[in-house]
Structures are given as structure tokens and as C-alpha cells.
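Trainee: Take a look at this one; I'll ask things after.
Where a number appears in this text, it was derived from the coordinates with a stated rule and is not lab data. It should be emphasised that the depicted structure is a prediction, and the values quoted were computed from it without experimental measurement. Because the Cβ atoms are built from the backbone with ideal geometry, glycine has one as well, and the counts that use them run over all protein chains shown.
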Amino acid sequence: MPFNQKLKALRKDAGLSQKQLAMMLKVALSTVAMWETANREPNIATLKKIAEFFNVSIEVLLNDDVSIYDRTEVYKVDEKGKPVAHALYDEEILDLRHMLHTRPEMKMLFSVSKSASKEDIQRAVAIIEALKNSES
């Protein structure tokens with residue numbers, strides 16, 4: 001995955017808008033937008049800031065063969081966009097996050113379930129399990 005896509009994924013994972021990220025990195029909103037559309041690349045000093053902010057190495061940001069999901073720490077921000085402590089994620093959560101980014105149907109399922117009640121989710125799980133069992 002190229003830098004521009006990694007930056008966008010990291011920003012969205014942290015729940016930040018382009019404007020919030022621009023403010024935190026002390027750059028213009030248009031600069032972040034150009035990074036994410038691959039129309040511009042950050043200089044080395046800014047690249048260091050981005051890597052520190054998202055708790056990844058510069059290698060992760062620049063190497064197309066290294067996934068942002070290979071790491072075990074994810075940078076978090078509070079609801080106001082202020083940095084908070086890093087949260088450790090186990091492999092299962094990293095796998096789920098990867099699925100959400102790579103499988104549109106999983107993203108849709110999680111998006112719909114955000115506003116669902118506990119009972120609705122339990123019914124949906126039962127339906128999915130029944131479908132899975134009927135295919136066997």
C-alpha cells in the first residue's frame with residue numbers, strides 16, 4: 001500500500017478528519033489532502049512527525065510492502081481530537097480491523113450494527129450461523 005493510502009487509513013483509524021490531522025501536524029488542510037491524493041509528499045521532518053504521531057516507523061509509512069496492520073500499537077485520540085495514550089491491540093482485533101478495510105461487506109455489516117440493539121445483533125449472528133451451517 002502506498003504512502004497516501006496508508007496515511008488516509010491511519011487518519012481514519014484514529015477517527016480524525018483531514019482538518020484535525022492538519023492542525024495536529026501544524027500544516028495546511030490542503031497539504032494533508034494533497035498527501036492523501038498522492039499529489040505531494042511530506043519532507044523528512046514532517047514524515048518523522050507523522051510517524052511519531054501514529055506510532056509507526058518511517059519504514060512502515062514509505063515501504064509499500066509493509067502493512068500498517070503489522071504493528072501492535074495504534075495511536076488514539078479522544079473525542080476532541082487530543083492525543084491520548086497508546087492502546088495495545090491483540091491479533092484478533094488487528095485481524096478484524098484488516099477485514100473492515102479489505103472486505104466491503106464486513107464494513108457494511110459493522111456500520112449497520114452500530115445502531116442496532118443487543119437483541120438485533122444476537123438475531124443477526126444466529127441468522128449468519130444458520131446460513132453457515134446450511135452450506136456445510
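Trainee: With a cut-off of 16 Å, note down the residues of the stretch 30-52 whose backbone N falls inside the zone around a label point 7 Å from the Cα of ASN4 toward its beta carbon.
Mentor: Flagged as within label range: 30-43.
Trainee: At 7 Å along Cα-to-Cβ for each site, give me the label-to-label distance between ALA45 and LYS19 in nm.
Mentor: Using points 7 Å along Cα→Cβ, the separation is 2.7 nm.
Trainee: Now for a separate question. Return the subset of LYS12/LYS49; LYS12/LYS118; LYS19/LYS114; LYS49/LYS118; LYS6/LYS132; LYS48/LYS114 for which the Cα-Cα distance in this structure is over 29 Å, preserving the input order.
Mentor: The pairs that break the limit, which is 29 Å between Cα atoms, are LYS49/LYS118; LYS6/LYS132; LYS48/LYS114.
Trainee: Right, next: How large is ³J(HN,Hα) for each residue in the stretch 9-24, as worked out from phi by the Karplus curve 6.51 cos²θ - 1.76 cosθ + 1.60 (θ = phi - 60°), to whole Hz, x for Gly and Pro?
Mentor: 5, 4, 4, 5, 4, 7, x, 9, 7, 4, 5, 5, 4, 4, 5, 5
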